[in-house]
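As structure tokens, the structure follows; a few thoughts come after it.
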Amino acid sequence: MEEANQSVVSEFIFRGLCNSRELQNFLLLPFSMLYLMTVVGNLLVVFLFITDPHLHSPMYFLLANLSFVDFCLSSVTTPKLIIDFLKDNKTISFDGCMSQILCVHFFGGGEMVLLVTMAYDRYVAICKPLHYSSIMDRQKCIWLVLISWAIGFVHAMSQLAMILDLPFCGPRTVDSFFCDIPLVIKLACMDTHTLRILINADSGVLATTCFIILLISYTYILVTVRHHSKNGASKALSTCTAHITVVLLFFGPCIFIYLWPLSITWVDKFLAVFYTVITPLLNPAIYTLRNKDIRNAIKRLISQHMDSKDNF
């Protein structure tokens, strides 16, 4: 078999977030802390769901999956970014670059569909509360999550298939901190105008379709909430507000990067940091701080730990 994509380029060079060595040294600790909090926060949500019977419901099953996806998405890019803060020569192998592209679109695409699934769960819970347990049974929840993973995988493979066989023989500097298709495709030794349109359309259609479905879903939910009792409406509104916040934080940067015709380097870098580093941290924070059940689960976990420590 011929060498992968007949490429002369065996590695790519990242420019990173900035050129200043002093600024990179300054950013090392904040980004390390952000990643640590992301790992702890998201894995804590997954751990609470697994260990606390009070959280064994469809909503928390979906939330635990969202936390796991956020952990994976952040882990694809952030550790490499942190390590590169210590390096002058920020390189990644060709295979490593393609793997980053695959994983970012796999987890990113899966999260988009998972957010739609969570909106469906809230729709059933608020608009059809008497039928909730029969509609959102365990088997359906598992299938919905599997479908989100499957769509994410198909999306990622379609993106990778369009770029994998491109000839890379010239410049190899990626003006970012990770391999993203719009930047990598610029380095190909051929005219990629049509291919860029196809790739952006692929990602743009998935992101925009999910975003529109979410907007329609939550609009319908909020309209329905107005006809509920005051207490029920207040609780539903609080839950939906948290979901809508996560949706806006995740989809906003993605849609801008893939559908906005103009490319401004510092803006693209900021948005890339936002959806790969910041958003995976904000998701557990938003759900945990606003969710009484999660807070109670944390209190029970601390209480159990203290009891076991006293018994010891």
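So what is the relative contact order for the chain, in percent, with contacts set as C-alpha pairs under 8 Å and at least six apart? Kindly include the intermediate steps, with their values, before the conclusion.
Values: 364 pairs, mean separation 81.8, N = 312.
For the chain, the relative contact order is 26 percent.
Hey, quick one: spin label on THR245, modelled 7 Å out along Cα-Cβ, who in segment 67-108 has an amide N within reach, i.e. under 19 Å?
Those under the cut-off are 67-68, 70-71.
Would you please give the FRET efficiency between ILE213 and CYS189, computed as 1/(1 + (r/R0)^6) with r the Cβ-Cβ distance and R0 = 35 Å, to the nearest 0.05?
On the way: r = 39 Å, r/R0 = 1.12.
For R0 = 35 Å, the calculated efficiency reads 0.35.
How much of the accessible area of segment 11-298, probe 1.4 Å, is carbon plus sulfur, in whole percent? Walk me through the intermediate numbers first.
Working: 9500 of 13640 Å².
Of all accessible area on segment 11-298, carbon and sulfur atoms account for 70 percent.
Largest first and in whole Å, give the semi-axes of segment 25-119's equivalent ellipsoid, each being the square root of 5 times a Cα gyration tensor eigenvalue. Provide the component values of the computation, followed by the final result.
On the way: eigenvalues 174, 60, 16 Å².
Values for segment 25-119, descending: 29, 17, 9 Å.
Please tell me which of these pairs span more than 25 angstrom C-alpha to C-alpha: LYS128/LYS299; LYS186/LYS269; LYS80/LYS186; LYS128/LYS292; LYS140/LYS299? The partial results should precede the final answer.
Values: LYS128/LYS299 31 Å; LYS186/LYS269 16 Å; LYS80/LYS186 22 Å; LYS128/LYS292 22 Å; LYS140/LYS299 30 Å.
Beyond 25 Å: LYS128/LYS299; LYS140/LYS299.
Of GLU11, GLU22, GLU111, which is the most mobile in a GNM of the chain whose springs link Cα atoms less than 10 angstrom apart?
GLU22
Give me the 1.4 Å probe accessible area per residue for the chain, excluding ligands and nucleic acids, in Å².
51 Å²
With an 8 Å Cα cut-off and a minimum separation of 6 or more residues, compute the relative contact order for segment 1-152 in percent. The partial results should precede the final answer.
Values: 128 pairs, mean separation 45.2, N = 152.
Averaging sequence separation for qualifying contacts and normalising by length gives 30 percent for segment 1-152.
In nm, to one decimal, how far is the CYS18 label point from the PHE47 one, both placed 7 Å along Cα→Cβ?
Placing both labels 7 Å along Cα→Cβ, they lie 3.4 nm apart.
With runs of 4+ DSSP H residues as the only contributors, calculate the mean residue ellipticity of the chain at 222 nm using -39,500 (n - 2.57) per run, divided by the residue total and rounded to the nearest 500.
On the way: 11 runs with 231 residues, N = 312.
When only DSSP H runs of four or more count, the value is -25500 deg cm²/dmol.
Picking from CYS179, CYS210, CYS127, which is most flexible by a Gaussian network model of the chain using Cα springs under 10 Å?
Per the Cα network of the chain with a 10 Å cutoff, CYS127 tops the list.
Taking the alpha-carbon set of the chain, what are its Rg and Dmax in Å?
Rg then Dmax for the chain, in Å: 21.4, 70.
If you fit an axis through the alpha-carbon atoms of helix 58-84 and take the longest principal axis of the Cα set of the chain, what angle between them do you get, 0 to 90°, nearest 10?
Helix 58-84 sits at roughly 30 degrees to that axis.
Residue-wise, which Karplus ³J(HN,Hα) couplings in Hz belong to segment 21-37, taking 6.51 cos²θ - 1.76 cosθ + 1.60, θ = phi - 60°, and x for glycine or proline?
5, 5, 5, 5, 5, 5, 6, 4, 5, x, 6, 5, 5, 4, 5, 4, 5
What is the magnitude of the charge dipole of segment 11-298 about its Cα centre, with +1 placed on the Cβ of each Lys and Arg, -1 on the Cβ of each Asp and Glu, and no other charges, expressed in debye to the nearest 20? Display every interim value, and only then the final one.
Working: 19 positive and 17 negative charges, 183 e Å.
Here the size comes out at about 880 debye.
How much length would be gained if the chain were fully extended between PHE153 and ILE298, taking 0.36 nm per residue of separation minus their Cα-Cα distance, in nm to one decimal? Write down the numbers at each step before the final one.
Working: separation 145, 0.36 × 145 = 52.20 nm, distance 3.31 nm.
Full extension from PHE153 to ILE298 adds 48.9 nm.
The values are calculated or read from the model by the stated rules, or taken from the named source; none is laboratory data. Computed from a predicted model, the values in this text were never measured in an experiment. Every residue, glycine as well, gets a Cβ built from its backbone with ideal geometry; the counts of neighbours run over all protein chains shown. Protein only, heavy atoms only, side chains kept; ligands, DNA and RNA dropped before computing areas. Shrake-Rupley method; radii C 1.70, N 1.55, O 1.52, S 1.80 Å.
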